[in-house]
Amino acid sequence: MSNPDRHPNEVVCAAREGGPSSAVVLPYREVPLGGPRAMPVRRSLPQRERSLIGAWCFVDHYGPDDVSQTGGMAVPGHPHTGLQTVSWLFTGEVEHRDTTGAHAFVRPGELNIMTAGKGIAHSEYSTPGTTVLHGAQLWVALPEADRFATPGFEHYAPPVTEVDGARVLVFLGTLFGQTSPVTMFSDLVGAEVTLEPGRSLTITVDPGHEHGLLCDTGLLTVGDATAKPGEIVFQATGAERVTVEAGPDEAARFLVLGGAPFGEQIVMWWNFIGRSHDEVVGFREEWQRAREVSGDENGGENGGETAYGVFPKEWEHTLPAPGLPNLRLRSRG
């Protein structure tokens, strides 16, 4: 998914040392994704108080949306660098195409993960048969050693596991004795958990990890912190167990997003992750050149190999990069 901000700010992200031992709620802000009627998304990461949770650096939660009212997801080809996109749906279906030649569908309970590395472009459109769209789009920052990795795409359908009455799907890393085979470049965990109304669940976690629990449905309580849909309950490192409780009236469905503190600064601007102003400027210039090479201004005719791969012939157009701010992007970390 693209960052839809028309005037995106530079975001300099750095892991914070230490932090409160108790859980806290990270709120969200609403952002229009785009399309004819601008499907809204709830963005809870990055934000002023916290930029990363492990290597997780971007969290959008959306729906359930009536596609006939919002227009659904309609994101033309756009670039990414230095990250992995993690697509997870609860309802609906999204068609994915990218410049590695991958063509796939995102469906509920199935993971699509795309490694941007040195540069990739992809498109995302909800399918004609989708009436309700509901899911999460997540980004993982790649560490210095791997941020120019070869672009790639993987799909994984995790098994459903019953844990103390909860329904669990582990799509990244290891949790509840289940391990995902998906390629990762950092020590991470990602899982969907559904907890019946009024029930509690104790999750054994790595005390060296930070954790964010993204509430999808119902109310989710950890200690004195209660999150509603779109909000994250954040737990700093040091906890060996996290006990979660569902509200009394509705099942709580949530994503567990955890990982070792990232330990690096990153600069995020639009859909790029880099380490400096000059690097981000270069990524943007390469994207604009790629659009010209691929004939984007002439109906999207495929023009061959670019720094972001070969544009799929199905693309009629792509997203131009926004203009850079007038000031030099600088580290504020």
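Our summary gives the stretch 23-259 a relative contact order of 20 percent, counting only alpha carbon pairs under 8 angstrom and 6 or more residues apart. Ranked from largest, the principal axis spans of the Cα set of the stretch 137-280 equal 52, 30, 27 Å. Full extension of the chain segment joining Glu305 with Phe105 gains 69.6 nm, where the gain is 0.36 nm per residue of separation less the Cα-Cα distance. Angle of helix 277-293 to the longest C-alpha principal axis of the chain, folded into 0 to 90 degrees and rounded to 10: 60°. Structural size metrics of the stretch 175-231, computed from C-alpha coordinates, are Rg and Dmax of 12.9, 37 Å. You can think of it this way: the chain between Thr204 and Leu327 has 39.7 nm of extra reach, that is 0.36 nm per residue less the Cα-Cα gap. R0 = 25 Å: FRET efficiency of Phe148 with Glu314, Cβ-based, nearest 0.05? The computed FRET efficiency comes out at 0.35. Start at zero, step by 5 Å, and the Cα-Cα distances of the stretch 78-221 spread as 2, 9, 18, 20, 20, 15, 9, 5, 1, 0 percent across the bins.
With both labels modelled 7 Å from their Cα along Cα-to-Cβ, the Val160 to Gln288 distance reads 5.0 nm.
The smallest convex shape that holds all Cα atoms of the stretch 214-327, its convex hull, gives 189 Å³ per residue.
Ordering Phe105, Ala225, Thr150 by Cα displacement along the dipole of the stretch 23-259 toward the positive end leaves Thr150 in first place; charges were set at the Cβ atoms of Lys, Arg (+1) and Asp, Glu (-1).
Please compute the Kirkwood hydrodynamic radius over the chain, one decimal place, Å, based on all pairs of different Cα atoms. Provide the component values of the computation, followed by the final result.
Numbers: mean 1/r = 0.0498 Å⁻¹.
Every distinct Cα pair counted, the radius reaches 20.1 Å.
Quick note: the coordinates plus some simple rules give every number you see, no bench work behind them. Here the structure is a predicted model, which is why all the values come from computation and not from measurement. All Cβ positions, even for glycine, are placed from backbone atoms using ideal geometry, and neighbour counts span all protein chains on display.
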